[in-house]
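Before any comments, here is the structure.
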Amino acid sequence: MTPNDFSPASYQHQLNEKLAQIQRDFAGFAHPPVEVFSSSEKYYRMRAEFRVWHKQDRSEFVMFDADKQPYAITEFPVGSLLINQLMSQLLHEINNDELLRHKLYQVEFLTAQSGESLITLIYHKELTPEWSQRALQLKQQVGADIIGRSRKQKLLIERDYVIERMQVLGREFIYQQVEASFTQPNAGVCEKMLAWAVENSKDFGGDLLELYCGNGNFTLPLSQNFSKVLATEVAKSSVDSAQFNIQANKINNIQIARMSSEEFSQAMDGVREFNRLRHVKLADYHFSTIFVDPPRAGLDPHTTSITQRFDNIIYISCNPETLRENLQTITQTHQITAFALFDQFPYTHHAECGVILKKKG
């Protein structure tokens, strides 16, 4: 997104166009009216990354336009207020210290509504003990944790995560969000997504199976509505964070299995046995509901067929095109009872959708 795309005065118009597109895309399906959950018009994005452009004795943060030409970023109104504050502080320190500035290639910011922040400095040079000493001073100067990265190096100045706090229907949930791991970028809209999922599943009962659980973003609040939750995730860093978050929130009805959705589907069908499931007795679960939040590619055919075995399906999608493809199969056995548009990415064409389905008959 370039500065020309950012126009708070036109935000509602752009959101209306996004809604109209979703209504056209899903006109062939029977569904209730689409609920729309808007974003803040600015200061909504909790993470950002910028290239560092060096001009003689000065450096600046840049992004690139459609023609791959750099343009300077002096403020970033889609980023959180904390990102904007840190940008100016950090750039001042970089331009006044050659040790920080030399061969600095990229800067990444990760912030949280809790007020915590993390800055990653990526270099085309080996990072020395002298750099680490200066980075410790930088942490104290800007009030953010610092990570240094270069080829085959990752140096922590204390830690590589922030602690986020989400408010969901009057309850606070604590999340560890690790540098370079996936987290929802728009925290305000994420809270709305979590509340929508909890509200729409409060009467489902039974047990919940979740695929693609990440760091437990949805897992934690949804666990209130179910007797037991079994969640799967393939990325080790996300599994570790999910376990951290389960303990931090003192939740005792969630188990995590480190495996892909395809592998778990094979385990459910008895096609293969997995050592990674040896701590889980699938026979002890009485699943009423499956929750899926797949990558942009959507659900593979086998996993799609697995979802159709459940009475209830909660489907969060970052790609309306693959959602539509999956629903063509799923709605043969299920009916859509709720449909939502979450504006995670204002001023872009990207749309995040949520769909609740119940088995027919």
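The values are calculated or read from the model by the stated rules, or taken from the named source; none is laboratory data. Note that the structure is predicted; figures quoted are calculated from it, not measured. Glycine gets a Cβ as well: all are built from the backbone with ideal geometry, and neighbour counts include every protein chain shown. The accessibility values were calculated without ligands, DNA or RNA, using every heavy atom of the protein model including side chains. Shrake-Rupley method; radii C 1.70, N 1.55, O 1.52, S 1.80 Å.
Return a whole-number percent for the relative contact order of the stretch 41-138, with Cα pairs under 8 Å and 6 or more residues apart as the contact set. Once normalised by length, the contact order is 28 percent.
Can you tell me the length gained on complete extension of the stretch N252 to R309, counting 0.36 nm per residue apart and subtracting the Cα distance? It would help to have the intermediate numbers written out before the result.
Working: separation 57, 0.36 × 57 = 20.52 nm, distance 2.62 nm.
In short, 17.9 nm is gained.
The label-point distance for H102 and H349, in a model that sets each label 7 Å from Cα toward Cβ, rounds to 4.5 nm. Placing pseudo-labels 7 Å out from each Cα toward the beta carbon at I163 and R276 gives an inter-label distance of 2.9 nm. Relative contact order, whole percent, for the chain stands at 16, derived from Cα pairs under 8 Å and 6 or more residues apart. Once the Cα-Cα distance is subtracted from the 0.36 nm per residue extended length, the Q56 to T329 segment shows a gain of 92.4 nm. With 5 Å bins beginning at zero, the pair-distance distribution over Cα atoms of the stretch 197-339 amounts to 2, 10, 20, 24, 23, 15, 6, 1, 0 %.
At what distance in nm do the modelled label points of D25 and S38 sit from each other, each positioned 7 Å from its Cα along Cα→Cβ? Distance between label points: 2.1 nm.
Can you tell me the FRET efficiency between Q14 and N95 if r is taken as the Cβ-Cβ distance and R0 is 41 Å, rounded to the nearest 0.05?
Working: r = 36 Å, r/R0 = 0.87.
It comes out at approximately 0.70.
What the Cα convex hull of the chain gives, in volume per residue, is 155 Å³.
Build a GNM of the chain with springs between Cα atoms under 10 Å apart, and of A48, A72, A231 the one that fluctuates most is A72.
Sorted by accessible area with a 1.4 angstrom probe, largest first, how do F182, F64 fall? Spell out each step's value before the answer.
Details: F182 135, F64 75 Å².
Result, largest first: F182, F64.
Surface analysis of the chain yields an accessible area of 47 Å² per residue, using protein heavy atoms and a 1.4 Å probe.
Find the Cα radius of gyration of the stretch 63-116, compare it with 2.2 N^0.38 Å by division, and give the number to two decimals. Show your work: numbers first, answer last.
Values: Rg = 12.8 Å, N = 54, 2.2 N^0.38 = 10.0 Å.
After normalising by residue count via 2.2 N^0.38 Å, the value is 1.28.
Over all orientations, the stretch 45-198 has a Cα convex hull whose mean projected area works out to 10.1 square nanometres. Give the separation of the Cα centroids, the stretch 133-203 to the stretch 4-23, in Å. So the two Cα centres are separated by 28 Å.
Diffusion coefficient (Stokes-Einstein, Kirkwood radius over C-alpha pairs, 37 °C, 0.692 mPa s) for the stretch 116-257: 197 µm²/s, rounded to a whole number. Please report, as a whole percent, how much of the solvent-accessible surface of the chain comes from carbon and sulfur atoms (probe radius 1.4 Å). Roughly 48 percent, rounded to a whole number.
Averaging the sequence gap over all C-alpha pairs within less than 8 Å and six or more residues apart, then dividing by the number of residues, gives the stretch 176-274 a relative contact order of 26 percent.
Kindly flag which residue pairs out of K192/K281; K42/K236; K42/K202; K68/K103 have an alpha-carbon separation exceeding 23 Å in this structure.
Working: K192/K281 33 Å; K42/K236 33 Å; K42/K202 32 Å; K68/K103 21 Å.
Listed pairs above 23 Å: K192/K281; K42/K236; K42/K202.
Each DSSP beta bridge with both residues in the chain is either parallel or antiparallel, and the antiparallel ones are about 65%.
For D269 and H124, a Förster radius of 51 Å and the Cβ-Cβ distance give a FRET efficiency of 0.55, rounded to the nearest 0.05.
Here's the picture: a label point sits 7 Å out from the Cα of E75 along the beta-carbon direction, and within the stretch 6-30 the residues with their amide nitrogen under 17 Å of it are 6-10.
Give the percent of DSSP beta bridges with both residues in the stretch 215-361 that are antiparallel, rounded to the nearest 5.
Within the stretch 215-361, antiparallel bridges account for around 60 percent of the total.
Calculated mean residue ellipticity at 222 nm for the chain: -8500 deg cm²/dmol, from DSSP H runs with n ≥ 4 weighted as -39500 (n - 2.57), summed, divided by the residue count and rounded to 500. Charged neighbours of K228, selected by a Cβ distance under 9 Å, balance to -2 (K, R count +1; D, E count -1).
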